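Step one of this worksheet: look at the structure below.
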Amino acid sequence: MSNKESEKLRIGKEEELKVVGMHCATCSSTVSKSIKGVKGVKDANVNLASGIAKVEVENARLKDIVNAIRKAGYDVVTQKVSFKVDINPEDARKLEEKIEDIKGVIKASVNPTNGVILVEFNPYSITSDELAEEIYRKTGHKVTKVKSEVANKSEVHEMLKRLIIAWVFTIPTLYFQYSGLPLVALFTSIPVQFYAGLRYHLGAYRAFKNRTTNMDTLVSLSTNIAWFYSLYAVIVHQQTFFDVASLLVSFILIGKTLEAYLKERISVQITSLRNLKARLEDGRVINAEELKVGDKIIVKGGEVIPADGIVDEGKGEVNESIVTGESMPVKKGKGDAVIGGSTLISGYLKVYVTRTGERTYISQVVEAVNQAQTARLPIQNLVDKVSSVFTPVIIGVSALVFTVWKFLLGFSTEDALLFSVATLASACPCPFGLATPLAVLTSVNRLAKKGIIVRNGESLEILKKADTFIFDKTGTITEGKISVRGEGDKTAISYASAIEKMSNHPIAKAISSIPSSLEVKDFTEFPGSGVYGKVDGHDVIVGKRDFVLQNCEGDGKGDVLVCVDGKVTAWFYLEDKVRDDSVKVIDALKKMGKRIIIATGDNSENAEKVGKELEVDVIKGLSADEKAELVKNEVKKGRIVAFIGDGINDAIAIKEANVGIAISSGTDIAKYAGDIIIPKIGDLLTLLEYSRLTVRKIKENLAWAFGYNSILVPIAAGLLYPAIYLPPEYAALAMSMDSVAVSLWSLVKV
Amino acid sequence: MMIDPVCGMEVNEDSQYKTMYKGKVYYFCSPHCMKAFQKDPEKYLREGPKGMPNE
């Protein structure tokens, strides 16, 4: 095994995984086969009864094994835990890799903007506490467990404390330095150098331990060179630079505190129910988190509704923009559903609580958005490569600068040292690490406010490249309110209506609206095909043309046939109106030159009618699996496919697409497989616009980072000396403003 | 108890995998068996169960 291969080894010799969804011998053999298909797996033993898969490996990643099982249509029991860690943005990728090396870890994603690590692991081989210990042992980073909160405020406070200490001691240091009292300056500079600057020295040490370099290395190196050289200079009575060392730390802290504040502002934008209060029916006020299903709460005008529920009493106007993106208030009265996080603008409501805590819609949104924020966009790979060589290159340049000024140009050691320290202090790899996540973070947050939930941040970048858009028809392109027109034997039609009352299918609902009060026995439903039952002593089958003709004699027009005692005697035509939004979306996509396909399970003439109306290709009569197959084939052909469907029956196709977009009413977010969830089809255009803007923003942020460094470093090195001279302390200030610039730019709306 | 016409296993009538063919309901132990049957029902009705389908 080569070194590179052994690096990829994410799993010990044996790992036990709990597989879910197996219910027969075929299933366990399918799972076993899929595991063995992963490169590096030696053997796999799947127990149907216990659901445990014992996997013996030589060299394979746990992530690949879990993915293989999931691809085969089953799932694996995993646990997710969030940790908070103090890291530099450019170290995020390295930390992810190190964590993924720990036994039992499936996936780790680090959000460089708020220092939250989300780790998915196998609870059968490691616990979250053991994981925290392992992370500390392997990387030197102390992590603390957090629940799904966005970020904590302590970073800004911590930075502020150090910043104040830094300036309190830097000012006297400056005074003593210029008053010719270097020994006193030495003492006043100690708290700045070793307390205020401690986080940089520790960071540099950790980086050194992990055999890498980062921004802390540059800061620590530059301040330590200036400080320790000054210590030596005090002893040998030469010129000292305690002021330079202290100012370096103090100026960097200004920028970094500002950056921490901005990052936090970007992160904490989504409303959370965490700090809300709820007023119970009996007048008691409790935290929203303590609410239980079945509680009745009182909400008054102007208040935020603290949990999901049903209105029990009262009337009011609710702003549901958090779910739908629409700011128009919606009238609510007895029996209407309300969603936690929305605001009661006027009126009074007594609400029966149906979902609380982490099960509420808004909590799920916050969770989803948190996950999206840790996304790793493909563009980040390039950025990682740049930042991994950036710091060593700068250290080399700094040494070169010293050599050139001292030995080639004949300047004094002190002057050469100042140029060299300025070079170190002016360069900053931080914004490279921040550019992508900050852009994603702002977009994900802004979209969430419009009711568009991005669950997978990467999809924002992929969507921009999508060339094929496949739409589900019913409920997505059309209104999904099917109306039917029956023809043929009237008695058969009333039998059909009676039988369809038992089914939840949208077509069944339309047929069952025809009045009929007959009794049904032996009802059986064949999902995706039709239904069977005994009505009035007759065998009745209602369903898709193919399904009915397979079981009955005769022929019929229409889309749904009715068979009574083995003969087709009636039929229905289906009609479903195209949404106004769909026309707009399809037109816009056509203008962009995208390929559009409508894939539908509907086999009726109506499907063709919709296709003709929109002038789009329609592939009809597809089952859920066939839709997924269609998507898969397009992806195999090298196309970048976005599938847009309304969730449940499109789930597999949504999962197979490069970008899966689910349309939902908002409340059932958890069960959707989509990378992105939009409230209605019209929002697809907003989403596409944001996808374009996000990628543009990333590029602009990177341009800031590159531009800033490539201008600042040569100036600090003294290229324009003596016309322009940048002392180390100003170089440090300018450097720390680089990240501030990137953060601010991410906040600017384009 | 019913017999899965594809693999020959015993299945309950409440199995979620079922299909109707020529007016008769058939029950299966898994989606794999159901798919195999739907592809060629006559083969299984004529020749009897064949064991687990190899996918």
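The values are calculated or read from the model by the stated rules, or taken from the named source; none is laboratory data. What you are looking at is a predicted structure, and each value in this text was computed from that prediction instead of being measured. Because the Cβ atoms are built from the backbone with ideal geometry, glycine has one as well, and the counts that use them run over all protein chains shown. Ligands, DNA and RNA are stripped out before the accessible areas are found, and what is left, the full protein with its side chains, is counted by its heavy atoms. Shrake-Rupley method; radii C 1.70, N 1.55, O 1.52, S 1.80 Å.
Structure notes:
- A 1.4 Å probe run over segment A:357-460, with the rest of the protein chains in place, finds 32 Å² accessible per residue.
- The fraction of accessible area contributed by carbon and sulfur in chain B is 47 percent, rounded to a whole number (1.4 Å probe; ligands and nucleic acids excluded).
- Anisotropy class of segment A:575-636 from Cα gyration tensor, a/c 1.5 cut: oblate
- Under the span-like rule (Cα at least 27 Å along the axis, Kyte-Doolittle mean at least 0.5), DSSP H helices of chain A: A:154-178, A:215-236, A:242-267, A:379-403, A:430-449, A:728-747
- Loop trypsin sites (Lys or Arg not before Pro), segment A:170-239, which have at most 10 other Cβ atoms in a 10 Å radius of their Cβ (DSSP): A:Arg211
- Extension reserve of the A:Lys334-A:Ile640 stretch, reckoned as 0.36 nm per residue once the Cα distance is removed: 105.5 nm
- Accessible area expressed per residue, segment A:162-225, with surrounding protein chains retained (probe 1.4 Å, Å²): 48 Å²
- Accessible area per residue was computed with a 1.4 Å probe on protein heavy atoms; A:Leu702 scores about 20 Å².
- The distance separating the Cα centre of segment A:93-172 from that of segment A:296-366 comes to 35 Å.
- Were the residues from A:Lys577 through A:Arg265 laid out at 0.36 nm apart, the gain over their Cα-Cα distance would be 107.9 nm.
- DSSP beta bridges confined to segment A:536-660 are antiparallel in about 60 percent of cases.
- Note on chain A: helix-only mean residue ellipticity at 222 nm, from DSSP H runs of 4+ residues weighted -39500 (n - 2.57) and normalised by residue number, equals -15000 deg cm²/dmol.
- Across the cross-link table entries A:Lys612/B:Lys35; A:Lys331/A:Lys481; A:Lys13/A:Lys107; A:Lys39/A:Lys98; A:Lys71/A:Lys464, which are compared at the Cα atoms, the separations over 30 Å belong to A:Lys612/B:Lys35.
- Accessible surface of segment A:502-633, 1.4 Å probe, proportion on carbon and sulfur as whole %: 47 percent
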